[in-house]
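Asks: Here you go, one structure.
The values are calculated or read from the model by the stated rules, or taken from the named source; none is laboratory data. Not measured: the values here are computed from a predicted model. Here the Cβ positions follow ideal geometry from the backbone for every residue, glycine too, while neighbour counts run over all protein chains shown.
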Amino acid sequence: LSETDFQEGRYFLFKFLVIGSAGAGKSCLLHQFIENKFKQDSNHTIGVEFGSRVVNVAGKTVKLQIWDTAGQERFRSVTRSYYRGAAGALLVYDITSRETYNTLTNWLTDARTLASPNIVIILCGNKKDLDADREVTFLEASRFAQENELMFLETSALTGENVEEAFLKCARNILNKIDSGELDPERMGSGIQYGDASLRQPRQPRGTTTQSKQQCNC
Ligand SMILES: Nc1nc2c(ncn2[C@@H]2O[C@H](COP(=O)(O)OP(=O)(O)O)[C@@H](O)[C@H]2O)c(=O)[nH]1
Ligand SMILES: [Mg+2]
């Protein structure tokens, strides 16, 4: 995909976040989705962790731009700029750690207040491969998901089970909401871009610049 493809509206661009307690497996999920393999030496280096992948969902081309907390969650200092303009999120806990499950509400509040109330979130119960050490049942988490209007899957970044499904399910849900008009890609901070808006809308007539500047809050 080239910049021209984007400008001519041939693909969507969604900003996605991966959130949840440290140790839940967020970096491994991102790595598995981007590289198709398990990240063995998962270190906690602070820095920008970011990945992107182009997928086809419901006949549409979508570039997912995925942000990982880059270890910031260890210090409870995930910044506002991290959340800004995200269209979707994977909210991750570890099925073998009730502690990671107990923090879900905090993450959910942050995502809905700092990203957008309309952010589409999929709850991921990760480390599905460690079923013998499970501390959180599937039923309990699916109830939580239902009560909080989240989609839900159990995943394994180790085996890859349901990893791609989680990202695709979230993207599909966003596309459905765009189709139904529930989400507006043109709205500022929607986390959704579809080509270059200035190329798709009629140019503003001369002399309206001052007026549009007044409408803007910057
Ligand atoms: N068994 C198993 N271990 C995992 C899985 N995902 C991550 N881990 C391990 O859990 C630890 C934390 O993973 P990491 O991705 O760094 O978590 P983060 O802090 O949420 O980014 C690492 O030791 C990983 O190897 C999984 O699906 N299954
Ligand atoms: Mg990490």
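Asks: Can you pull out every residue in segment 2-18 that is on the phi < 0 side of the Ramachandran plot and not in a helix (DSSP H, G or I)?
Replies: Within segment 2-18, 2, 8, 10, 11, 12, 13, 14, 15, 16, 17, 18 qualify.
Asks: Which condition number does residue 203 fail, the rest of (1) at pLDDT 95 or above; (2) loosely packed, with under 11 Cβ neighbours inside 10 Å being met?
Replies: (1)
Asks: Select, from 105, 96, the only residue that is assigned to a helix (DSSP H, G or I) and over 15 Å from the mean Cα position of the chain (by Cα).
Replies: Criteria check complete, one pass: 105.
Asks: Go through (1) surrounded by fewer than 19 Cβ atoms within 10 Å (Cβ to Cβ); (2) within 13 Å of the chain's Cα centre (by Cα) for residue 87 and report which single condition fails.
Replies: Of the numbered conditions (1) surrounded by fewer than 19 Cβ atoms within 10 Å (Cβ to Cβ); (2) within 13 Å of the chain's Cα centre (by Cα), the odd one out for residue 87 is (1).
Asks: I've got another one for you. Picking from 42, 21, which residue would you name as being modelled with pLDDT of 85 or more and of a type in the set (Ser, Thr, Tyr)?
Replies: Being modelled with pLDDT of 85 or more and of a type in the set (Ser, Thr, Tyr) holds for just one of 42, 21, which is 21.
Asks: Is there a residue being among the hydroxyl-bearing types (Ser, Thr, Tyr) and either part of a helix (DSSP H, G or I) or surrounded by fewer than 17 Cβ atoms within 10 Å (Cβ to Cβ) (or both) anywhere in segment 115-133?
Replies: No, every residue in segment 115-133 fails to be among the hydroxyl-bearing types (Ser, Thr, Tyr) and either part of a helix (DSSP H, G or I) or surrounded by fewer than 17 Cβ atoms within 10 Å (Cβ to Cβ) (or both).
Asks: Let me confirm something: among 56, 36, which residue is of a type in the set (S, T, N, Q) and free of Cβ contacts under 8 Å to residues at least 12 places away in the same chain?
Replies: Just a single option satisfies the conditions, and that option is 56.
Asks: Right, here's the next one. Only one of 21, 77, 27 is farther than 17 Å from residue 120 by Cβ, touching a residue at least 24 places away in the same chain (Cβ under 8 Å) and in a loop (DSSP other than H, G, I, E, B); which?
Replies: Selected residue: 21, the only one of 21, 77, 27 that is farther than 17 Å from residue 120 by Cβ, touching a residue at least 24 places away in the same chain (Cβ under 8 Å) and in a loop (DSSP other than H, G, I, E, B).
Asks: With respect to residue 94, is the statement that it is crowded, with 20+ Cβ neighbours inside 10 Å, within 13 Å of ligand 1 (Cβ to nearest atom), free of Cβ contacts under 8 Å to residues at least 60 places away in the same chain and not small (Gly, Ala, Ser) true?
Replies: no
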